[in-house]
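Computed from the coordinates by the stated procedures, all read-outs in this text should not be read as laboratory data. Here the structure is a predicted model, which is why all the values come from computation and not from measurement. Methodologically, a virtual Cβ is constructed for each residue, glycine included, from the backbone with ideal geometry; neighbour enumeration extends over all protein chains shown.
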């Protein structure tokens, strides 16, 4: 019996890395999809390629960087400096990329229809709910309804970690024996992670919560 196909939106970060491995462990035939949307931390795309090469997965990297001209209000793609601090801080709202997940999910669903995959996975989680509207349960549920009527074939949106903290996601990954040296979380795409942006702060908290050491180098 052929394996069920699944598209996994794979950014190269620790959440999507854990998700990728979780979906593989569940026995699905995985088709990772990575987006270059003009983000400053485009280094995550290279990390994603390294991981998929090692796992023998058919990574598709989609260059949609031209859309960043429509999203300059976000510090992740525009000229504004990446803010420092915790995700729940008000200044972190500058990292919201307008309509990003609706765009990325729409493209992933199209890919799913094309290759006859019944599911699209993405790594929305509870730690993102405070700042990112397109990671909240109400968005996921509504988007799933739209996905069900937008095509003849229904491609379901799956978010296994929707109500997990980043620490709980890391705990799941560690329980699978995963190591995280080939992941990139920092919003600054420099040689080493900054350790100060919201993404780094949350990542470091997750490792501390699990009494584990982050293998990524920090400035």
Subject >> Per-pair calculated FRET efficiency, R0 = 25 Å: residue 138 and residue 210 via Cβ, rounded to 0.05 >> reply: 0.30
Original post:
Separation between the residue 152 and residue 165 pseudo-spin-labels, each 7 Å from Cα along Cα→Cβ, expressed in nm?
Top reply: 4.8
Subject >> Point-to-point label distance, residue 61-residue 145, nm (Cα→Cβ direction, 7 Å offset) >> reply: 3.8
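Taking the number of other C-beta atoms within 10 Å as the exposure measure, put 175, 16 in order starting with the fewest.
Details: 175 8, 16 24.
Fewest-to-most ranking of 175, 16: 175, 16.
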